[in-house]
Amino acid sequence: MRTTLPVLLALGVGGCMVGPDYERPDLETPAQLRYEDSAEGEMLTAQWWTAYDDPELTALIETATEANPDIGAALARVDRAAASVGVARSELFPQVDFFTEAMRQRSSGNQTRPYGDASTRNNFASALGLAWELDVWGRVRRLSASAMAEAQAQADAYGYAIVLVQTLVAQQYFEIRTLDQRIEFLEKTVAGRKRSLDLVEVRRNSGLADDLEFYQASTEWSIARSELEGFRRRRALAQNALAILMGTYPSDFALAPDPGWVPYLPPAPPAVASTLLERRPDLAQAESVVRAASERIGARVAEYFPRIQITGDVGFAAADAGNWFTRSSLFGSLGPSVSMPVFNAGRISSQVDEARAEYRELLELYRGQVLTAFKEVEDALAALRTLHIQIEAQQDAASAARSAAEVAQQRYETGLVNYLEVVDTERTALNNALLLAELENSLYARQLDLIRALGGGWSPASLSSLQGEDAMLDALSNSAPTPPSSSELDQG
């Protein structure tokens, strides 16, 4: 025993780790994006929204980052996962429990008495119990590494929640501000249509216009009022959505109209294909999940091998309280126990196969997410490229339609054309103006899509609360492979 126990302890501290070591997936990604030249702005930073030079937007995003419930829930999941790492790593250390009792027992008179003729006896005991599984094959270290990877995945998910909420806040804000502009335009349109209706009514009363022209003018006025209310409804819904993102009730939140808001769209941030995998928190999360599954394979493989445990106890036991803690009452034991599977009807093999299949599944899901990520960037770049061209053309169309409507109104007032021509040109001018505003809002939305697709200025967050445990784990594992540290996870 004097030589066996030190050998077992050495194996427990510096044993091997069975199963595959994690290797980062080798994915072939495009060297260049199709429309990279569509984005020529500054590189994304963690506070990308400051490029819009809008203090109100900055205040909204900062408030939402602190108060949004989805972000709060994601942070709680990080804390829960970090606690799970502590649970997993605790199995690497000896488990020591304390036990004490002071008991008087009476035996049944109709049973064999275990204590001779005495029907009653006293028992006083206090002891420390020890149980320590020696991680010879790396089962516990694999589970610990898996828990660490899962915790890193939750940290990455927390980063993605922040990026998502921040870009959605900006999207709703720009939606509201461009709606303010459209509402102001429609309010002026309604007022103009009412003046036209009054003019037609005067001309009809003078015999210069007929009932058809009057009803046409009345119809156009009503259509403009209806469209105005539609945009007011859209603004109310967008404001309610923004309130939820801000972590408050819609009835407690209001964003005052600002029809004088001057839009400013900075150049789109550049998209670099080679850095996309490192810049998106959702991709980092997916890879961390793959890593966790890889480590679980090793834990399953370790089930094939003997499980060695050191158990023991030391304490005092006596039948008399006066002798409870005397030298003669001292007892103790210490020694190893070994258990290993002999027959389990293929259970362990099936569990290993299950773990390998889970790894392959998560790896394919990760590959799919990478493909989707590149598609999202390409979509946003293509949309920005075409929107800029489309807006330039639409600006010309809106300007020409507005001029045509003005000419038609002048010709009508001088009696050169009937009111139907005025109606057609004004309707065309209105539709083109609203379409231009919609395209300009889409430009903001697609740029925010690009920011989100590029990772929103995210950078990997380390699990600083676990760094002290990493040092302990390194010391325990000695020269054996160790679970990944926080810094290693950040790089991977």
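Quick note: the coordinates plus some simple rules give every number you see, no bench work behind them. Please read these numbers as outputs of a predicted model, since none were measured by experiment. Note that each Cβ is placed from the backbone with ideal geometry, even for glycine, and that neighbours are counted across all protein chains shown.
Here are the numbers for the structure shown:
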item: Cα→Cβ-extended label distance, 7 Å offset, between Thr29 and Ala131, nm; result: 4.6
item: 222 nm mean residue ellipticity, helices alone, for the chain (DSSP H n ≥ 4; -39,500 (n - 2.57); rounded to 500); result: -21000 deg cm²/dmol
item: Model label zone, Thr100; criterion: amide N under 13 Å from point 7 Å along Cα-to-beta-carbon; scope segment 317-339; result: 317, 324-325
item: Approximate spin-label separation Glu364-Asn418, in nm, with each point projected 7 Å along Cα-to-Cβ; result: 6.8
item: Segment Glu40-Tyr304, extension gain: residue separation times 0.36 nm, minus the distance between their alpha carbons; result: 89.3 nm
item: 10 Å binning of all Cα-Cα separations within the chain, expressed as whole percents from 0 upward; result: 4, 14, 17, 15, 13, 11, 9, 7, 5, 3, 2, 1, 0, 0
item: Extension gain from Ser222 to Glu354, taking 0.36 nm per residue of separation minus the Cα-Cα distance; result: 40.9 nm
item: Formal net charge of residues neighbouring Gln216 (Cβ-Cβ distance under 13 Å; K, R +1; D, E -1); result: -4
item: Alpha-carbon spread of segment 403-450, three principal axes, descending order, Å; result: 53, 14, 8
item: Simple Cβ-charge dipole of segment 309-392, Lys/Arg +1 and Asp/Glu -1, about Cα centre, in debye nearest 20; result: 340
